[in-house]
Amino acid sequence: MLPSRSDSQQRSLENPDKQTMRVDSTKRTDKLIEVPRKKLNMRLYTESEQRFQDYVNSKIVTISIIALVGAYAILIFIIVALEELLDETEFNNVSSILSWIELGILIVFILEIFVGLYAWGIKKYYKDKWLILDTLIILLSLFFVIFELADQKTSNVIKVIQAVFRFLRIFLLIRKAQTFRRLATISTISTPAEKIVRFLAELKEVLEDENMKLDIDYCIDKIGNNQLYQMGKLDEDNAEAMAWLNQSQQGRAEVKRIVTNEQQQQQQKKVIANFQKLNIPKRLLEILYKQHDDLYIDPFECDKLSGGEGLVNLMLFFFENYNLFDVFLIKPKVVRGYFEEVMKGYLDNPYHNKVHAQDVAQTCNFLLSKCKFIEIGQLDEQDIACVLIAGAIHDYGHPGLTNAFLINSRNDLALTYNDQSVLEMYHPSQCFKIAWGNQKVNIFENLQFHKYRRIRESIILMVLSTDMAHHASELAITNSRIAAPDFEPNGKDKQRLMDLIVHSSDVSNPTKSFEIYKNWTEKVLTEFWLQGDKERDLGLPISYLCNRYTTNTAEAQVGFIDYVVKPTFACVLGFLPAYEPFFQNLDKNKAKWQELIEYYKQQLASIQPK
Ligand SMILES: [Zn+2]
């Protein structure tokens, strides 16, 4: 009986030159790592061994062996029946013919064993200990059949032993029948996931490294439980990692796999080590572990903890967390270099600065993971990368002035982009130039051209969607798409929803804690009022919200929530039901501003120009 091997395992062993194979690790886990085959302690099969394995596993051989088992069963039944029915002389007359047939069948079984031993080697072949017993029974049966044919005058003792062996041969038949059932089950396996799980289970058997076995258990668990795309919530491995970081065993997430404490610790150390390699400041790393998908993470605190490099560190965290280094086929230092350049391009504006960019990327991640857009839109790693990169670059080089100002003041950017989404055209354009202008920081360099085109197009569309000039019309279209019977959040509507993820994140301040929201409000109005001052000096019409002498901060925010933010997030809620608990923040914050309207009126009265 031969150890059955799945097609996938067969294929993986087909090419001995490919000395590496990809094995999933834990959360970083979802990161693929190259592991030399030798390290896996796997035997490499020669071409001829593989040919024999293919031959033995082929349908025709399997069916032939099963047919032979059936014939052998009938033969044994006939021998036992004739022995009972006929007298000794009559039985001796026919038994030699039956013995010759039995000899033929046993020789085929012996051949089957030899082929198996050659194809898989003794160690692998006899990994199933029952096969040793099978072999023994076949060999002894062979011995008795030969003995019977050579000497008809068997003693009574031999006859008893023979009878016992007939019984044991029935056991052999049962074993063969079991294998047949197993083969039949295998042949009904239909999904690739099942095949992969089977392959992983078999791979685990040949591995000697305990850590690798744990990694395979992790893969089987995730595939088997259909959790491959559950990147959103902080998963159990991250929770464990956090516990390890805090040197605390409290609140440890329940671990489904049965592993020793030592193995768990090794796992945790591996996850931590992967993130630590990124040189993210320790305190920030702790916060990101705990809150990377949290709406209430404090962007100002994150930036402060990383010495003003919050944007760079956040993006490195995301690249590791979502396995994007492998998607882009780049090293962390290239990613760090790229986002350092992006960060430098953000001017020191009161509002449109690097912390706002970091905040938008962070909020995008909240919608992707905690609000489950990754699952609903069935986003692949490329999609995730596009959304997060778009969030990070969406205001690159923002001059702290609106498109209207740039157009009215005949600014060079407005001339370049023909007054059309001036800044939203400028931001991504510059960010792609950064990459292609310096090979050392080009995160796109190793992408295949068609992938690069797809990523570039998607990022540009998302940044363009942040132009408030198109807010109302685009929102109306998106709402109508969500209501349409052929709405496909994971298909033809995916990009439109990704656009909305970035646009809504860009206007998400009113959805956050009032303290952080108020901080952002003061910053954005400071920036607007500086523009208003410029407009006044240039004799240009003063833009909406830009007159420091007439804009009531609280009233402006109530209007902003009612007319912009609430409709935007109502639309988000239309396809992300998990956003529901956060939606009420808008009303709570609006009520707080309403209480402050009178206060700001008095403030305005005290600063009126003479
Ligand atoms: Zn923005």
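In the stretch 548-562, which residue that is among the charged types (D, E, K, R) and in contact (Cβ under 8 Å) with a residue 40 or more places away in the chain is farthest from Ala591 (Cα to Cα)?
Arg548
Do the conditions hold for Asp359, that is, is it open to solvent by 10 Å² or more (accessible area, probe 1.4 Å) and either within 19 Å of the chain's Cα centre (by Cα) or of a type in the set (Asp, Glu) (or both)?
Answer is no for this residue.
May I ask you to list pairs of residues, at least six apart or on different chains, whose Cβ atoms are under 8 Å apart, with the first in the stretch 205-216 being farther than 24 Å from Tyr125 by Cβ and part of a helix (DSSP H, G or I) and the second being open to solvent by less than 40 Å² (accessible area, probe 1.4 Å) and aliphatic (A, V, I, L, M)?
Leu214/Val259; Asp215/Val23
Could you please tell me which pairs satisfy a Cβ distance under 6 Å, a separation of 6+ or placement on different chains, a first residue in the stretch 583-610 that is touching a residue at least 12 places away in the same chain (Cβ under 8 Å), and a second residue that is open to solvent by 70 Å² or more (accessible area, probe 1.4 Å) and in a helix (DSSP H, G or I)?
Taking only residues 6 or more apart or on different chains, the pairs are Ile597/Glu555.
Per-residue answers, yes or no, for (1) at pLDDT below 80; (2) loosely packed, with under 15 Cβ neighbours inside 10 Å; (3) under 38 Å from the mean Cα position of the chain (by Cα):
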{"residue": "Thr62", "(1), (2), (3)": "yes, no, yes"}
{"residue": "Ile79", "(1), (2), (3)": "no, no, no"}
{"residue": "Leu86", "(1), (2), (3)": "no, yes, no"}
{"residue": "Ile105", "(1), (2), (3)": "no, no, no"}
{"residue": "Phe109", "(1), (2), (3)": "no, no, no"}
{"residue": "Trp120", "(1), (2), (3)": "yes, no, yes"}
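Kindly indicate which of His394, His470 is closer than 21 Å to Val507 by Cα, open to solvent by 70 Å² or more (accessible area, probe 1.4 Å) and within 16 Å of the ligand (Cβ to nearest atom).
On the way: His394 fails: open to solvent by 70 Å² or more (accessible area, probe 1.4 Å).
Testing whether each residue is closer than 21 Å to Val507 by Cα, open to solvent by 70 Å² or more (accessible area, probe 1.4 Å) and within 16 Å of the ligand (Cβ to nearest atom) leaves just His470.
Looking at the stretch 397-418, can you tell me whether even one residue there is among the aromatic types (Phe, Trp, Tyr), out of contact with any His (no Cβ under 6 Å at 6 or more places or on another chain) and within 15 Å of the ligand (Cβ to nearest atom)?
Within the stretch 397-418, none of the residues are among the aromatic types (Phe, Trp, Tyr), out of contact with any His (no Cβ under 6 Å at 6 or more places or on another chain) and within 15 Å of the ligand (Cβ to nearest atom).
Please report, ordered by residue number, the helices (runs of 4 or more DSSP H) entirely within the stretch 484-602 with at least 3 residues that are open to solvent by 30 Å² or more (accessible area, probe 1.4 Å).
Helices (runs of 4 or more DSSP H) meeting the threshold: 494-506, 514-538, 566-575, 580-583.
State all residues of the stretch 452-467 that are among the aromatic types (Phe, Trp, Tyr) and within 15 Å of the ligand (Cβ to nearest atom); if no residue qualifies, say none.
Those that are among the aromatic types (Phe, Trp, Tyr) and within 15 Å of the ligand (Cβ to nearest atom): none in the stretch 452-467.
Do we have any residue at all in the stretch 352-371 that's aliphatic (A, V, I, L, M), more than 11 Å from the ligand (Cβ to nearest atom), more than 19 Å from Tyr517 (Cα to Cα) and not in a helix (DSSP H, G or I)?
no
Restricting to the stretch 41-52, name every residue that is out of contact with any Asp or Glu (no Cβ under 7 Å at 6 or more places or on another chain) and either at pLDDT below 75 or open to solvent by 70 Å² or more (accessible area, probe 1.4 Å) (or both).
Residues satisfying the conditions are Met42, Arg43, Leu44, Tyr45, Thr46, Glu47, Arg51, Phe52.
Among the residues of the stretch 334-386, which ones are of a type in the set (Asp, Glu), in contact (Cβ under 8 Å) with a residue 12 or more places away in the chain and farther than 28 Å from Leu401 by Cα? Before the answer, list the steps.
Within the stretch 334-386, the first condition is being of a type in the set (Asp, Glu), and the residues that meet it are 340-341, 348, 359, 375, 380-381, 383.
Then keep just the ones that are in contact (Cβ under 8 Å) with a residue 12 or more places away in the chain; that gives 340-341, 359, 375, 381, 383.
Result: Glu375, Glu381, Asp383.
Pairs under 6 Å by beta carbon, first residue more than 15 Å from Asn585 (Cβ to Cβ) in the stretch 499-520, partner away from the ligand (no atom under 13 Å from the Cβ), six or more apart or different chains?
Note: pairs meeting the criteria are Asp499/Leu461; Leu500/Thr478; Ile501/Leu367; Ile501/Val387.
Test each condition in (1) open to solvent by less than 40 Å² (accessible area, probe 1.4 Å); (2) closer than 21 Å to Ile78 by Cα; (3) not acidic (Asp, Glu) for Phe147 and report the one that comes out false.
Checking Phe147 against (1) open to solvent by less than 40 Å² (accessible area, probe 1.4 Å); (2) closer than 21 Å to Ile78 by Cα; (3) not acidic (Asp, Glu), the one that fails is (1).
How many of the residues in the stretch 297-324 are part of a helix (DSSP H, G or I) and either within 14 Å of Ala361 (Cα to Cα) or open to solvent by less than 10 Å² (accessible area, probe 1.4 Å) (or both)?
17
Is it the case that the stretch 307-321 has a residue that's among the hydrophobic types (A, V, I, L, M, F, W, C), closer than 22 Å to Ile455 by Cβ and within 15 Å of the ligand (Cβ to nearest atom)?
There is at least one residue in the stretch 307-321 that is among the hydrophobic types (A, V, I, L, M, F, W, C), closer than 22 Å to Ile455 by Cβ and within 15 Å of the ligand (Cβ to nearest atom).
Quick check on the stretch 333-351: of everything there that is away from the ligand (no atom under 16 Å from the Cβ) and among the aliphatic types (A, V, I, L, M), which residue is most open to solvent (accessible area, probe 1.4 Å)?
Within the stretch 333-351, the match that is most open to solvent (accessible area, probe 1.4 Å) is Val334.
The values are calculated or read from the model by the stated rules, or taken from the named source; none is laboratory data. Note that the structure is a prediction, hence the values are computed from the model and not measured. Glycine also receives a Cβ, built like all others from the backbone with ideal geometry; neighbour counts cover every protein chain displayed. Note: areas computed on protein heavy atoms with side chains; ligands, DNA, RNA excluded. Shrake-Rupley method; radii C 1.70, N 1.55, O 1.52, S 1.80 Å.
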